[in-house]
Structure formats: C-alpha cells, structure tokens
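Right, one structure below, let's go through it.
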Amino acid sequence: MRLVVDLNRCQGYAQCAFLAPDVFAMHGDESLLYRPEVEEDRREDMARAVAACPVQAIMVDANSPGGNPGSDREAGR
Amino acid sequence: MSVDGSLDRLKREGRIVVVGASLAGLRAAETLREKGFAGSLTMIGDEPYEPYDRPPLSKQVLLGRATADRTGLPRLRAVDAQWRLGVPATGLDMAARRVRLADGDEVEYDRLLIATGVRARPWPQEDEAELDGVFVLRTRDDAEALERSLAQGPRRVLVIGAGFTGSEIASACRERGIAVTVAERADAPLVGALGGVVGEVAAELQRKHGVDLRCGVMVTRLEGDSAGHVRAAHFSDGSTVEADVVIVSLGAQRNTEWLAGSGLGAGLRGIACDAGCRAFDIRGIVTDDIYVAGDVARSPHPLFGYQFLSLEHWGNAVAQAETAAHNMLSESADRRPHIWVPAFWSSQFGVNIKSVGVPSMGTEILIAQGSRSEHRFTGVYGYQGRVIGAVTFDQTKWLQFYQQLIETTAPFPPAFPTVDRRPEGQQPIPADFPDPSVPTHGPTVTLSGYAPDDRRLTFTPARH
Ligand SMILES: Cc1cc2nc3c(=O)[nH]c(=O)nc-3n(C[C@H](O)[C@H](O)[C@H](O)COP(=O)(O)OP(=O)(O)OC[C@H]3O[C@@H](n4cnc5c(N)ncnc54)[C@H](O)[C@@H]3O)c2cc1C
Ligand code: SF4
C-alpha cells in the first residue's frame, strides 16, 4: 500500500516512528523520512500510525471492499 | 442548485477532463468524486505512470531508502476515471471544448482542469546536455537513472544550481559518501527563495558536510570524453572540475506549449487564473469552463496585494486542486477563493527547513528565535511594515505562530518579545534577496504583474 506524509503539517512528533520504525524514521532532529510504499499486510500498522499522528499528516490508500481503488488495473484505458 | 438545472446535469452526466495526471490532477479527481460528481472523468497524462509523489525523488530515493517506482501517491478514494497515460495533450479547442491528444484522439469536455505542472529546465547547450552522466531531476525516470549512476560510485558529482532540489541532491550524495561540487551563480545556496542572510547558513551547512561549494561562478562548458561521457566542467573563473556525474538543477519551465494558439492566457510564466482557479483567456476574460491548479497556475492572492503567485509547492498543488474541483461543481455564489498561505519544506544536511508566506517579498529579516550559527533558528521576513513570511531551520514548532501573523497582516518587526531571542535577533537586517530583474534558477515563489498573458517576457537562461 502507498502512503504519503504531508510534511507541511508534520511537526516531527515521531509518534509514527515509535509505532512503525521500519517505515517512519527521523532523519536529523526534525526531518521525517518514510517509505512511500509498504507491504499490504501492514495495513493495520499503518492505520495505527495514521490514527496516532496528532496533526493527521499521514495519508494511505483508502481501503475499499473491491480492493485498492488505485490499483494498476485502473491504468491503461 | 441552478435555475435551469444545468449544474445538476453536469454533476450527473457531465464530462470532466483533467490534463496532467500528477499530484494536482489526482487530488482534483478525488475531490470531484467526493463532491458527488457522477459523470465521466478522463485523466490525461504524458508520463506512462500512475500519479506519483515527487518530493521523495530527491530525498528517500537518492538516499536509497525507496525506489523511484515505489513512490505512487495513495488513493484517498476511488476516482473511477478513464486513464489516458503515456499520451500528451497537444492542443485545445476552446470553442468546441475539445482536447487533442498526440495519438490523434480528441476528448470533449464540459469542464477542463489543466494541471500540467512544470519540467526541469535543461542544460542550454544541447550537445553537452546529451552527454552520458548529465542529468536533471523532475520525474520518476530521471530519479531512477540518477540513482543508478550514484550507486556505481562516481568519483565526483557536480550539481549545477543550489536551489532546494540541487541542495537536496548534494546532501544525499554526501550522505552516501560521494564527493560533490556545487556550482551556484549567486552568493549562496537558496538565496532566490530565502535571501542572502539565510543563504549564508545554507552555505555553512553545505561546507560543514564536505560539499565543495563554489558560489559566484557559472559553469560555462561541459566536456565529454571520447565515449561521450561527461568528464569535466569548465567554470567562469577559469577553473575546471572533473566530474563523472553532472546534475543540472536550474529550476523549472511551465508546461504550457501545448496551449499555444488556443486563445488561453498561457505562456512562459504559466497559466493565469482568478482566485477561483478559472483560467483567463488571452483577452484577459475569465473562462467559466477551464480551471487550473498546481505548479502551472498563477493566481492572485489577496494576502499578497493580489499579486499573481506561481508556487512550485506540494501543498499548493493539493489545496488549489481541491478548490478548483469544488468550484467546477458550484454556482458562483458557492465558489471559494484559493487563499492558501504558501508553505514549503525541504530536508537537507540533516536539517528540516520550512517556510510560510512569501519570504522573497521580504526586504528585511529578523532572527526572532534561536541562532543562525547553531543552524537552528526562526527568521521572520518583513515587507512594508508587516510580517510577510517566515522560515525555520529545525524549529518547526514556531512556524504556525508566524503563519498567524502573516494571515492577520501583523506589524513587522513584531512588537513582542519571543522565547530564545538572541543578541543577533535584536534588530531586523536587510534580507538580501538578489535583484529580481536578474533571472535566477531557483526562486520557488515567483511574483509577477497583473497581465494575464506575458508572452513578451523573454527568459535568458542562466549561463552557468
Ligand atoms: C525532486 C523534487 C523534489 C521536490 N520537493 C518538494 C518539497 O520538499 N516540498 C514541496 O513543497 N515541494 C516539493 N517539490 C514540488 C512538488 O513536487 C510539486 O509542487 C508538485 O509535484 C506539483 O504538482 P502538479 O500536479 O501541479 O505538477 P507536476 O507534478 O509537475 O505534474 C504535472 C504532470 O502533467 C504532465 N504533463 C505535462 N504536459 C502535459 C501534456 N501536454 N499532456 C499530458 N500531461 C502533461 C507532466 O508530465 C506531469 O506528469 C519537489 C519537486 C521535485 C521534482
Ligand atoms: S506522527 Fe505525524 S507529526 Fe509526528 S512525525 Fe509522524 S507524521 Fe509527523
């Protein structure tokens, strides 16, 4: 699944980095570096990180019953 | 709801076409669906990829923490669109409401959103630009190619231009232990965006991290070896640097050529639109069915004297796309202005740099908190007696406060004491921006006049 952090919002509180250190890591004192794509089975971890961010800066692929709304199926015409 | 129900019809069965399938295009598409648009949506993008995020290309990707093909933007909701990827739009017929594609197809619209962004300005000497080992960095393909060549352990990398992107590239190289020379025509890195007072700190950071930083010079010529690989660069001061990777980081050019002759107010400076994201035509009359968002747009901002702002900022693309989408589906009284306060971040040499407002309008700067020598400070920019922008180096927590001062046009210098004020922060000093009439490669905020079509403007590329 794909994720993006709105780094204008991010305050570097690092809650996400405590929850999923292999995905989110502080780089220097205040910069956040994250992996923009993680394995599908990490969905719960990511949901926890999204919920823990005090400024709601983390966005992940929406979970829809029919699968990922933005899968490659959609590309092409 | 409109009297004749046309807006309802648009929402139910209208045709919306988005040209430019990147950050602004995707966020607009999602917003349209969120607002209940049930008609047909076509996304046209010349890159063969689904929308991806660019900021990681000069950060995570060059640091080897992510690969360029794994930076796709998350989908916040299903957009249920027809994707025409890998096909550029080549023309617009405003009267017939049709977009022409490179493959000969034509797509009709009831509403059009243009979000074609910008591209990297290439090295002006074509034969030199084509040498192996010479790169620009804008796209996923650029990043992949550059990363591959960095992984091969070049002896020295030369970065031409020390704007944000160039500085981030230099930072990533140093972190990988690669020798780097940075050539900058101005007196310091980042001066176009943040001015000389802050640029000095950026220069110190680069040197502290082992960058061979050369300011006040231009690269005059790139030299290749017999196999067509770059081997050296010649500088205006007569010196030569041997480098096997050269990254040209001289700012961006707006992707508006495909609109030439269409009658839309599109030119070198982008596409002018009103505060509601509606594009102007070349007569200066606002259209009602063509909207613009993201890096390619320039729109008037009430907080900044209704100057037309072009912002190459991630947050601007998101906010403007959402506003454009909202307005496309709204009656005039329900439309919203795009009055997002500019905000930007960059991460380089371990420091988190953030800014709000329009620092480059500032004539003075006050180091309100912290200290430049510690590379941890807050600089506040003043313009005509009011706070117009702010920048933080590793002091994110204070930025929000200064944003409020900008939004409320608070007086400059701020009349109150601040936490952690140092002797250097007692008085404002000149912010030291370069002469705006001299084109630089890297201001990320460009202020320009009121004319919706500036075709008379001629750009002289920096002869680095
Ligand atoms: C390396 C890098 C690092 C960055 N770092 C930061 C950062 O740290 N902070 C920050 O705030 N911003 C950063 N940015 C800027 C940010 O990525 C942009 O502001 C953002 O991508 C703008 O989105 P957009 O959709 O308006 O334009 P773009 O992302 O430029 O997308 C425009 C799309 O339209 C396509 N297109 C162009 N012409 C046509 C045509 N005729 N037909 C069809 N498609 C067309 C283009 O190929 C492109 O895919 C960075 C940019 C880069 C390149
Ligand atoms: S929890 Fe949110 S604010 Fe904190 S570092 Fe992560 S993204 Fe940033």
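So the values come out like this:
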{"read-out": "Matching entry among B:Leu303, B:Leu329 (being crowded, with 18+ Cβ neighbours inside 10 Å and modelled with pLDDT under 95)", "value": "B:Leu303"}
{"read-out": "Restricting the range A:31-54 to residues that are within 9 Å of ligand 2 (Cβ to nearest atom) and open to solvent by less than 40 Å² (accessible area, probe 1.4 Å), the residue that is farthest from B:Ala172 (Cα to Cα)", "value": "A:Ala52"}
{"read-out": "Among residues of the range B:45-65, those that are surrounded by fewer than 22 Cβ atoms within 10 Å (Cβ to Cβ) and among the small types (Gly, Ala, Ser), counted", "value": "1"}
{"read-out": "Filter result (open to solvent by 20 Å² or more (accessible area, probe 1.4 Å) and under 18 Å from the mean Cα position of the chain (by Cα)) within the range B:306-318", "value": "B:Gln307, B:Glu312, B:Trp314, B:Val318"}
{"read-out": "Selected residue [surrounded by 22 or more Cβ atoms within 10 Å (Cβ to Cβ) and either within 15 Å of ligand 1 (Cβ to nearest atom) or not polar (S, T, N, Q) (or both)] from B:Ala24, B:Ala78, B:Ala38", "value": "B:Ala24"}
{"read-out": "Members of the range A:55-64 that are touching a strand residue (DSSP E or B) at 6+ places or on another chain (Cβ under 8 Å) and more than 16 Å from ligand 2 (Cβ to nearest atom)", "value": "A:Asp61"}
{"read-out": "Output for the range B:349-376, where each listed residue is hydrophobic (A, V, I, L, M, F, W, C) and either touching a Pro at 6+ places or on another chain (Cβ under 8 Å) or under 25 Å from B:Leu63 (Cβ atoms) (or both)", "value": "B:Phe349, B:Val351, B:Ile353, B:Val356, B:Val358, B:Ile365, B:Leu366, B:Ala368"}
{"read-out": "Failed criterion for A:Arg9 (all others in (1) within 11 Å of the chain's Cα centre (by Cα); (2) within 14 Å of ligand 1 (Cβ to nearest atom) hold)", "value": "(1)"}
{"read-out": "Members of the range A:1-22 found to be within 11 Å of chain B (Cβ to nearest Cβ) and among the aliphatic types (A, V, I, L, M), listed by number", "value": "A:Met1, A:Leu3, A:Val4, A:Val5, A:Leu7"}
{"read-out": "Entirely in the range B:201-240, the strands (runs of 3 or more DSSP E) that have 1 or more residues that are under 17 Å from B:Phe349 (Cβ atoms) and open to solvent by 30 Å² or more (accessible area, probe 1.4 Å)", "value": "B:212-215"}
{"read-out": "Residue in the range B:89-109 that is over 24 Å from the mean Cα position of the chain (by Cα) and under 30 Å from B:Arg148 (Cα atoms) present", "value": "no"}
{"read-out": "Total residues in the range B:326-368, condition within 14 Å of chain A (Cβ to nearest Cβ) and assigned to a strand (DSSP E or B)", "value": "13"}
{"read-out": "Residue selected from the range B:415-428 under the condition closer than 19 Å to B:Arg376 by Cβ and surrounded by 13 or more Cβ atoms within 10 Å (Cβ to Cβ), by the criterion nearest to the other protein chains (Cβ to nearest Cβ)", "value": "B:Asp420"}
{"read-out": "Test: residue in the range B:285-294 that is closer than 20 Å to B:Asp274 by Cβ, within 14 Å of another protein chain (Cβ to nearest Cβ) and of a type in the set (Gly, Ala, Ser)", "value": "no"}
{"read-out": "Residue among B:Ile339, B:Ile353 that is open to solvent by 10 Å² or more (accessible area, probe 1.4 Å) and of a type in the set (A, V, I, L, M)", "value": "B:Ile339"}
{"read-out": "Of all residues making up the range A:18-30, the number that are open to solvent by 20 Å² or more (accessible area, probe 1.4 Å) and either among the basic types (Lys, Arg) or more than 16 Å from ligand 1 (Cβ to nearest atom) (or both)", "value": "7"}
{"read-out": "Check on A:Ala57, more than 7 Å from chain B (Cβ to nearest Cβ), at pLDDT 95 or above and within 16 Å of ligand 1 (Cβ to nearest atom)", "value": "yes"}
{"read-out": "In the range B:275-298, residue modelled with the highest pLDDT [restricted to those that are within 19 Å of B:Gly357 (Cα to Cα) and open to solvent by 10 Å² or more (accessible area, probe 1.4 Å)]", "value": "B:Asp295"}
{"read-out": "Residue in the range B:156-166 that is open to solvent by 10 Å² or more (accessible area, probe 1.4 Å), within 16 Å of the chain's Cα centre (by Cα) and among the aromatic types (Phe, Trp, Tyr) present", "value": "yes"}
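Let's see how each residue does on (1) aliphatic (A, V, I, L, M); (2) facing chain A (nearest Cβ under 10 Å); (3) within 16 Å of ligand 2 (Cβ to nearest atom); (4) closer than 30 Å to B:Ser249 by Cβ:
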site	(1), (2), (3), (4)
B:Val19	yes, no, no, yes
B:Ala24	yes, no, no, yes
B:Arg27	no, no, no, yes
B:Lys35	no, no, no, no
B:Thr42	no, yes, no, no
B:Arg54	no, no, no, yes
B:Val61	yes, yes, no, yes
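Per-residue answers, yes or no, for (1) within 16 Å of ligand 2 (Cβ to nearest atom); (2) part of a strand (DSSP E or B):
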| position | (1), (2) |
| --- | --- |
| B:Ser299 | no, yes |
| B:Gly315 | yes, no |
| B:Ala321 | no, no |
| B:Ala324 | no, no |
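The values are calculated or read from the model by the stated rules, or taken from the named source; none is laboratory data. Nothing here was measured: the structure is a model prediction, and the numbers come from that model. Note that we place each Cβ from the backbone using ideal geometry, even for glycine, and neighbour counts take in every protein chain shown. Heads up: the accessible areas ignore ligands, DNA and RNA and are worked out on the full protein's heavy atoms, side chains in. Shrake-Rupley method; radii C 1.70, N 1.55, O 1.52, S 1.80 Å.
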